[in-house]
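Colleague: What follows is a structure written as structure tokens; I'll ask about it next.
The values are calculated or read from the model by the stated rules, or taken from the named source; none is laboratory data. The structure displayed is predicted, hence computed values, not measured ones. A quick note on method: Cβ atoms are made from the backbone with ideal geometry, for glycine too, and the neighbour counts reach across all protein chains shown. Side chains included, ligands, DNA and RNA excluded: accessible areas come from the protein's heavy atoms. Shrake-Rupley method; radii C 1.70, N 1.55, O 1.52, S 1.80 Å.
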Amino acid sequence: MTSYPARVAKKVGSAVAWETASAAETHALGRTLGEACAGREVIALIGPLGAGKTCLVRGLAEGLGVPTHLVASPTFVLIHEYAGRLALYHADLYRLEERDAVNGLGLEEYTETPGVTVIEWADKAPGVLPRDHLWITLDHAGGDRRRVALHPRGARSAELVARATARLAEQSRTGGA
Ligand SMILES: Nc1ncnc2c1ncn2[C@@H]1O[C@H](COP(=O)(O)OP(=O)(O)OP(=O)(O)O)[C@@H](O)[C@H]1O
Ligand SMILES: [Mg+2]
């Protein structure tokens with residue numbers, strides 16, 4: 001069964017916060033974001049352990065046409081690449097010991113490609129983010145609830161949020177068909 005994020009918790013300017021009630025809803029939110037990507041988007045995922053960052057990335061991968069069973073957080077290599085409708089570059093900076101170590105990753109090369117780059121724990125090295133990026137915070141909101149706030153920083157990410165929000169509204173109107 002397909003789940004859809006139940007409701008918009010808050011909308012402030014171009015920022016939108018969603019509340020999800022299950023991992024399936026967070027996955028569905030990610031999938032919609034992935035479907036709405038046009039290429040060259042950079043998405044930063046910020047949130048504590050178990051907040052659902054990787055869950056959102058799996059959904060995003062599905063929305064980009066990447067087989068989701070392949071998607072696991074990069075641990076030692078730090079960046080995984082997947083082929084899909086658009087390429088997905090998935091980085092996880094959790095294990096980054098020192099801020100300087102990020103310089104050796106070549107993340108800038110990824111953030112300048114036509115694919116979609118997603119960086120978990122991007123707050124560990126915010127300097128690698130291009131000017132235009134979508135900053136997403138995930139927080140525990142009691143039990144299985146999560147608050148997922150989308151903060152577009154730049155025109156490209158604002159367009160992504162607008163397209164994804166329109167899709168989500170359409171999905172809740174049609175019951176997700
Ligand atoms: N609403 C929800 N959204 C996302 N995950 C949820 C939700 N409710 C429960 N969960 C569970 O929380 C866990 C989220 O794990 P996930 O690996 O996605 O977190 P993470 O933010 O990537 O953590 P880490 O920083 O440790 O990598 C999963 O076990 C998932 O089933
Ligand atoms: Mg993770």
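Colleague: What's the total number of residues in segment 42-82 that are under 10 Å from the mean Cα position of the chain (by Cα) and either more than 10 Å from ligand 1 (Cβ to nearest atom) or without any contact (Cβ under 8 Å) to a residue 12 or more places away in the chain (or both)?
Modeller: So the answer is 5.
Colleague: For residues in segment 9-32 being assigned to a helix (DSSP H, G or I) and touching a helix residue (DSSP H, G or I) at 6+ places or on another chain (Cβ under 8 Å), which is farthest from ligand 2 (Cβ to nearest atom)?
Modeller: Ranking the qualifying residues of segment 9-32, first place goes to Thr32.
Colleague: Now for a different question. If the requirement is being modelled with pLDDT of 90 or more, more than 24 Å from Ala164 (Cα to Cα) and out of contact with any Ser or Thr (no Cβ under 8 Å at 6 or more places or on another chain), which of these qualifies: Leu86, Leu49, Leu33, Leu105?
Modeller: Going through Leu86, Leu49, Leu33, Leu105 in turn, the sole match is Leu49.
Colleague: Since Thr117 meets every condition but one in (1) of a type in the set (Ser, Thr, Tyr); (2) more than 10 Å from ligand 1 (Cβ to nearest atom); (3) in contact with a helix residue (DSSP H, G or I) (Cβ under 6 Å, 6 or more places away or on another chain); (4) without any contact (Cβ under 8 Å) to a residue 60 or more places away in the chain, which condition does it not meet?
Modeller: (4)
Colleague: Residue by residue through segment 126-177, note down the ones that are within 16 Å of ligand 2 (Cβ to nearest atom) and of a type in the set (A, V, I, L, M, F, W, C).
Modeller: Those that are within 16 Å of ligand 2 (Cβ to nearest atom) and of a type in the set (A, V, I, L, M, F, W, C): Ile136, Leu138, Val148.
Colleague: Still on this structure, I have one more. At pLDDT 90 or above and in contact with a Ser or Thr (Cβ under 7 Å, 6 or more places away or on another chain): is that true of Thr26 in this structure?
Modeller: yes
Colleague: Looking only at segment 34-72, how many residues end up being open to solvent by 50 Å² or more (accessible area, probe 1.4 Å) and in a strand (DSSP E or B)?
Modeller: Residues flagged as open to solvent by 50 Å² or more (accessible area, probe 1.4 Å) and in a strand (DSSP E or B) within segment 34-72 amount to 0.
Colleague: May I ask you to list the residues in segment 59-75 that are touching a His at 6+ places or on another chain (Cβ under 7 Å) and at pLDDT 95 or above?
Modeller: Selection gives Gly59 alone.
Colleague: Continuing with the same structure: Would you check which residues across segment 17-30 are more than 13 Å from ligand 1 (Cβ to nearest atom) and either more than 23 Å from Arg153 (Cβ to Cβ) or open to solvent by 10 Å² or more (accessible area, probe 1.4 Å) (or both) and list them?
Modeller: none
Colleague: Starting from segment 26-41, keep only residues that are among the acidic types (Asp, Glu), then list their pairs with residues that are open to solvent by less than 10 Å² (accessible area, probe 1.4 Å) and assigned to a loop (DSSP other than H, G, I, E, B) whose Cβ atoms are within a distance under 9 Å, requiring at least 6 positions of separation or different chains.
Modeller: Between residues of segment 26-41 that are among the acidic types (Asp, Glu) and residues that are open to solvent by less than 10 Å² (accessible area, probe 1.4 Å) and assigned to a loop (DSSP other than H, G, I, E, B), the close pairs are Glu35/Leu64; Glu41/Gly115.
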